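The values are calculated or read from the model by the stated rules, or taken from the named source; none is laboratory data. Source: prediction; values computed, not measured. Cβ sites come from the backbone with ideal geometry, for glycine too, and all protein chains shown count toward neighbours. Heavy atoms of the whole protein, side chains included, go into the accessibility calculation; ligands, DNA and RNA do not. Shrake-Rupley method; radii C 1.70, N 1.55, O 1.52, S 1.80 Å.
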Amino acid sequence: MAASYSSFLTTQYYSPVFNTALFDGPFRIYFSQSYESVALKIYHLLQTQDLGIWTEYKKWSEKTKKHAFILIYPSDQDLAIAFDGDKVSSLMSRLWEEGLILGFANPHVDESFAGIYQNILTQLKNFIGTEKTNLNLEF
């Protein structure tokens, strides 16, 4: 199933604060306009520093019509509400019928961003490895 904006709006992961999004290839990054710099930093790093992951996800998305959704919430509380719990980690992940959902609260310092970004990479690598095994696909 192709990831659609309207189907995402009906999930528990959608937040009204998501007034901006970047859609490019396999990635859907949703955020509040005030967090644009964080979203653009993720987008830039994926396309430059981690091009291998970008390329793998592009091939995966073309075959499966699924996407990776990266969601930037304003606070830990908003993140907890979206992911059904009061205890959250710095990066939450869920499988969804239209792909992988990764959510985190907007980091307030660069050191926090570095850790979150590394967690995003780890989750992306783990997911694509699992998908290759489960679907027996060559990417």
- request: Take every Cα-Cα distance within segment 26-139, group them into 10 Å bins from 0 onward, and report for each bin the whole-number percent of pairs it holds.
  value: 13, 48, 31, 8, 0
message: Suppose the chain between ASP84 and LEU51 were pulled fully straight at 0.36 nm per residue; how much longer would it get relative to their current alpha carbon spacing?
response: 8.6 nm
query: Based on the alpha-carbon gyration tensor of segment 6-78 and its eigenvalue square roots a ≥ b ≥ c, which shape applies: rounded if a/c is under 1.5, prolate if not and a/b is larger than b/c, or oblate?
result: oblate
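With r as the distance between the Cβ atoms of LYS58 and ASN126 and R0 = 25 Å, compute the FRET efficiency 1/(1 + (r/R0)^6) and round to 0.05. Numbers along the way, then the final one.
Details: r = 18 Å, r/R0 = 0.71.
In this case the efficiency is close to 0.90.
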Estimated distance in nm for a label pair at VAL109 and SER75, the labels positioned 7 Å out from Cα along Cα-to-Cβ: 2.0
- prompt: Using alpha-carbon pairs under 8 Å, 6+ residues apart, how would you state the relative contact order of the chain in percent?
  reply: 23
query: Scattering from the C-alpha atoms of segment 52-107 alone, worked out with Debye: what is log10 I(q)/I(0) at q = 0.27, 0.29 1/Å?
result: -0.99, -1.07
message: Along the Cα→Cβ direction, 7 angstrom out, place labels at GLN12 and SER37. What is the inter-label distance in nm?
response: 3.3
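So in segment 1-135, what percent of DSSP beta bridges are antiparallel if you round to the nearest 5? Show your work: numbers first, answer last.
Working: 10 of 21 bridges.
Of the beta bridges lying entirely in segment 1-135, close to 50 percent run antiparallel.
Find the accessible area per residue for the chain; the probe is 1.4 Å, ligands and nucleic acids are left out, and the unit is Å². Present the calculation step by step, with values, prior to reporting the outcome.
Numbers: 7240 Å² over 139 residues.
That works out to 52 Å² per residue.
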field: Whole-percent carbon and sulfur share, accessible surface of the chain, 1.4 Å
entry: 49
